[in-house]
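A.B. asks: So that we are looking at the same thing, I have put the structure below in structure tokens.
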Amino acid sequence: MKLIDRAITRELLVNVLFAIAVLSLVLVVGNIFRKLLPLLVNHDVPVEYLISFIAYVLPFSLIFTIPWGLLTAILLVFGRLSADNELIALRSNGISITRICLPLAVVAMVCTAICLWLNVKVAPAAQEELRSTIFDLATRNPMALFGSDQVIDQFPGRKIYVGKKHGNKLDNIIVFEMDENSLPARVIYARTGNLEADLPNRRILMHLYQARYQQRDAKDPLDLRKIRDGIRMEEGTLPIGLEELYEKEKKKPSRSALSIEQLLDQLKSENQRERSASRTEINKRFSFPFSCLAFALVGVPLGVTAHRRETLIGFALGLIVAIAYFLFVIMGDTLRGNPAAHPELLVWFPNVLFSVLGAILFRRLARQ
């Protein structure tokens, strides 16, 4: 029996690691192409920042990929055992399905422990480090925020369009100075320019050449008929203060980046919505790891049944189970500011639902 345990454990671990690697690669690469690659190409972001982003995004992606990878591995391993009639052979020799699944129980508990550690300790710290890295990029190398054919809106009170950027040299510049209603009050056009960092004074000096500006009407800035042309100048300097940018980047971190201790402190808040949101976040971090056990219960019957019927229904159901689980979690997270909906209980509901469903299916399988 030890030989069978080792064989099943080896098959599970190999498939779990492979599935986690593939799913994590998809999520991380997806984040890179969605967020980081434009920064790297257009904003001259150093490669070390890209590596840091990947390192900080990976723990958060593992929260999702470990349970999903475990479910995929269970469907593959137990589906193959069923397709090769190995389960029938083992049960004919008096080995129950419960005993066969003992290695799976151990692997599922290990995955649960790892997910719990990631949810409670590693992922929030990585989120905070990611925010610090972005802040470091904005403060140490603010000129990296400028890119070709893009609107830069990181500077409060201004929106800046740059046609092309070559190092610190800029072409076709448009600077929109916004009013308190976020409407353009003055527009500056310049054919060329260059950037100079003045970090001791926390500002960027934008030197503009062949520039002109237009003044919008203070009462109706959207009425283009009331635009007044201002002076033209061959050379001028536009200082861009970084103080507000620094304060903006140092804003209060998102709840997902807070530690358990910080979330517990928020439970003392007088704001009922804030208490509900913090309570939901705490419950989500402790409930989500137990999806590994729920997926283990429901995955075995689905994998065995699918290959007995020689269809892909097991994999389809497994995908539905995983998506349904995540939808419940997302729903609870969306309603976290609504105490009347009890979102802290909603994040536990998929664990209970799929555990009960898995137990019923597993019991039927054991009786066959």
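A.B. asks: Which of the numbered conditions does Q262 fail, given that it passes all the others? Conditions: (1) touching a residue at least 24 places away in the same chain (Cβ under 8 Å); (2) surrounded by fewer than 18 Cβ atoms within 10 Å (Cβ to Cβ).
C.D. replies: (1)
A.B. asks: Follow-up question, since we're still on this one. Quick one: count up the residues across the stretch 182-197 that are within 16 Å of I231 (Cβ to Cβ) and either among the aromatic types (F, W, Y) or open to solvent by less than 20 Å² (accessible area, probe 1.4 Å) (or both).
C.D. replies: Step one: list which residues in the stretch 182-197 are within 16 Å of I231 (Cβ to Cβ), which gives 186-191.
Okay, now just the ones that are also either among the aromatic types (F, W, Y) or open to solvent by less than 20 Å² (accessible area, probe 1.4 Å) (or both), so 187-190.
Looking only at that region, the number is 4.
Residue-by-condition table, conditions (1) acidic (D, E); (2) modelled with pLDDT under 75; (3) open to solvent by 50 Å² or more (accessible area, probe 1.4 Å); (4) within 33 Å of the chain's Cα centre (by Cα):
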position	(1), (2), (3), (4)
V151	no, no, yes, yes
Q154	no, yes, yes, yes
I173	no, no, no, no
E180	yes, yes, yes, yes
N201	no, no, yes, no
Y213	no, no, yes, no
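A.B. asks: Can you tell me which of (1) modelled with pLDDT under 85; (2) in a helix (DSSP H, G or I) is the one G94 doesn't meet?
C.D. replies: G94 satisfies every listed condition except (2).
A.B. asks: Give all pairs with beta carbons closer than 6 Å in which a residue from the stretch 1-22 that is under 21 Å from T98 (Cα atoms) and touching a residue at least 12 places away in the same chain (Cβ under 8 Å) meets a residue that is surrounded by 17 or more Cβ atoms within 10 Å (Cβ to Cβ) and of a type in the set (K, R); count only pairs at least 6 apart in sequence or on separate chains.
C.D. replies: none
A.B. asks: Please specify each residue of the stretch 323-368 satisfying the condition of being within 22 Å of R273 (Cα to Cα), part of a helix (DSSP H, G or I), open to solvent by less than 70 Å² (accessible area, probe 1.4 Å) and of a type in the set (A, V, I, L, M).
C.D. replies: V329, A341, L346
The values are calculated or read from the model by the stated rules, or taken from the named source; none is laboratory data. Please read all numbers here as calculations on a predicted model, not as lab measurements. Cβ atoms come from the backbone with ideal geometry, glycine included; neighbour counts cover every protein chain shown. Calculation scope for accessible area: heavy atoms of the full protein, side chains included, ligands and nucleic acids excluded. Shrake-Rupley method; radii C 1.70, N 1.55, O 1.52, S 1.80 Å.
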